[in-house]
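So the structure is just underneath, and the comments pick up after that.
The numbers here are math on the coordinates, done by the rules we state, and not lab data. All values reported here derive from a predicted model rather than from experimental measurement. Note: ideal-geometry Cβ built from the backbone for every residue, glycine included; neighbour counts use all protein chains shown.
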Amino acid sequence: MTRRPTPSPFRAFTLDSAGTEPLHRQLYDELRAAILGGRIASGSRLPASRELAAVAGVSRNTVLSAYEQLLAEGYIHGRPGSGTYVADALPESMLPEPAVPIATDGSGTEARRLSKRGERVHDAFMLRHRIPAVAKAFRPGLPALDHFPMDLFRRLADRRLRRANLRLLGYCDPQGYLPLREAVTAHLLASRGVRCNPANVVIVNGSQQGITLCARLLTDPGDEVWFEEPGYFGARASFRAVGATIVPVPVDREGLVVSAGEAAAPRARLAYCTPSHQNPLGVTLSLPRRMALLQWAQAAGAWIIEDDNASEYRFRGRPLASLQGIDTNGRVIYVGTFSKVLFSSLRLGYVVVPDDLVATFVHAHDLNERGSSAFGQAVVADFMLEGHFARHLRRMRTMYAERLAVIERALAEFAGDVLEFHRIEGGLNQPVDLPPGVDDLALAGRLLAEGIVTLPLSDYCDRKPARGGLVLGFAGVEEPEIRAGIQHIAAVVREIALAGNGHR
Ligand SMILES: Cc1ncc(COP(=O)(O)O)c(C=O)c1O
């Protein structure tokens, strides 16, 4: 019996050079559909760009563009010269539920076109891969949700509902529930030296929304924005979505290198930074750098967004008050959140804005959301005003300091030969450096498939970092899981480093 050759999925492409979609986009769509449909198997090697170009009858650049897009979205991994492979864990497979397609009326793509603004939002992705939203080793950015005093919170919520305060059931002041703004003001004044009164505080649905408001209200398309490199991908996406031009500014042991920002974009419109503990490196912006940043902003007429996310957790180093607190020119907009002290799905945060911007921020929040949930705000206000917030924070600080010590010991004990780390000063994430040549995107994908959640340093970078790294959240993870997880990561990295080809 003669064997028939297996039909190659790569020969079946139907690309239309006269079509409205560019060829690289058509090729990307075909490859993505073939990967998701299983016609190109997970883990299999894709043809070299030259080879596929010949088979599909397109230029090599067309193939390279399609591959780059797939790479950026996490469908494939690899590097030029050593092969390109289909990812083991595909982005769609990480969604909590299978996506059900919604039928369209079949009209042409032109009729269903997004606005330019919509296209920018579509393209401004946060992460290449979805990661589970649970606090398992080592999901960055989550507190220990299992230690939240749920019974107490439920009692406060019940009490609010029983009182049947009718005002809580109508629309809330779009600036926020006054007792909560007062409680936030007192907290920020005492613990962060923020200069404000309740009239400067706007309650929003988490700091992500605060940053998006800043991006929309303070930048125009094409405006330059200094952005920490590496830096928080969610904020970068907010600025991308409004069409700002990201200017990556390096971060060293003293935080944002202000002189590098001045050299790259002296007339930038805005600088985004995380001074209390840089996300993801965990270093504190030094006092001289703070002064230099404020001086630059004043001279350039620029805004500074101080994202103070998780600043409540500081473990070592000299505590510095907020940047906003030493700004005498009203150039700093301060953004904070309850996500890391209470719980993330609460969706409550706050923005502290200078007097002349308050009305605009409140109006924008009103237009977007009609303000934040009055009920949620009232319960959180009670939680703060009755002393539970301060108590919970104290308990969590102690526990996270212990967990930080555990992860540091585990890294030294089990991973000293493959993972380098520096001691962070604050925050809930421990970054580690990988041996040169180890591809962090591929490594994080493999670890995820093996049940360990991490974020690759590349996800925090605008440009490919010189050396890969992983960001490990430790706050929500118990000691045995931390120790086992670090041993697992070390073993995988050792295996990859020994294989010597940087991936798989
Ligand atoms: C630096 C930073 N900013 C903002 C956010 C968004 O937080 P949220 O919108 O939950 O307040 C995060 C989340 O992890 C973060 O790490």
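If you wrap region 338-389's Cα atoms in a convex hull and average its projection over all directions, what's the area in nm²? Seen from a random direction, the Cα hull of region 338-389 projects 4.2 nm² on average. Scanning residues 5 or more positions from residue 303 or on other chains, those with amide H under 5 Å from its amide H are 270, 271, with H placed 1.01 Å from N in the peptide plane. Full extension of the segment from residue 412 to residue 467, taken as 0.36 nm per residue of separation minus the current Cα-Cα distance, would add 17.8 nm. Spin-label model, residue 402/residue 39: points 7 Å from Cα along the beta carbon direction are separated by 5.6 nm.
5 Å is the cut-off here: which amide hydrogens, built 1.01 Å from N in the peptide plane, fall below it relative to residue 284, excluding neighbours closer than 5 in sequence? Under 5 Å from the amide H of residue 284: 278. Between the Cα long axis of helix 479-499 and the first principal axis of the chain there is an angle of about 30°, rounded to the nearest 10. Expressed to the nearest 5 percent, the antiparallel share of DSSP beta bridges inside the chain is 60 percent. Debye sum, Cα scatterers, region 215-366, no solvent: what log₁₀ I/I(0) at q = 0.09, 0.10, 0.20 1/Å? Normalising to I(0) and taking log10 leaves -0.26, -0.32, -1.42. Within the same chain, lysines fewer than 8 places from residue 136 are excluded, and of the rest, those with a Cα less than 20 Å from its Cα are 340.
Rg over Rh for region 406-452 works out to 0.98, both radii taken from alpha-carbon positions and Rh defined as the Kirkwood radius. Using the empirical formula 2.2 N^0.38 Å as the baseline, the Cα radius of gyration of region 404-488 reaches a ratio of 1.02. Summarising the amide proton neighbourhood of residue 228: residues at separation of 5 or more, or on other chains, whose placed amide H is nearer than 5 Å comprise 249, 272.
Projecting the Cα positions of 243, 263, 443 onto the charge dipole of the chain (unit charges on Cβ atoms of Lys, Arg, Asp and Glu, taken about the Cα centre) puts 443 furthest along the positive direction. For region 129-252, the spherically averaged projection of the C-alpha convex hull amounts to 11.4 nm².
To the nearest ten degrees, helix 23-36 and the longest principal axis of the Cα atoms of the chain are 90 degrees apart. With Cα atoms as the point set, the radius of gyration and Dmax of the chain evaluate to 24.4, 86 Å.
What the phi angles of region 136-152 give under the Karplus curve with 6.51, -1.76 and 1.60, with θ = phi - 60°, is a coupling list of 10, 4, 10, 5, x, x, 10, x, 7, 5, 6, 9, 6, x, 5, 4, 4 Hz, glycine and proline written as x. Debye-formula intensities of region 369-417, expressed as log10 I(q)/I(0) at q = 0.18, 0.23, 0.27, 0.30 Å⁻¹, are -0.68, -0.83, -0.92, -0.98 (one equal scatterer per alpha-carbon, no solvent).
Protection proxy ranking, highest mean first, for peptides 140-148, 455-463: 455-463, 140-148, where packing is the per-residue count of other beta-carbon atoms within 10 Å, averaged.
Sorting 116-125, 60-69 by average packing, meaning the other beta carbons within 10 Å per residue, from highest down gives 60-69, 116-125.
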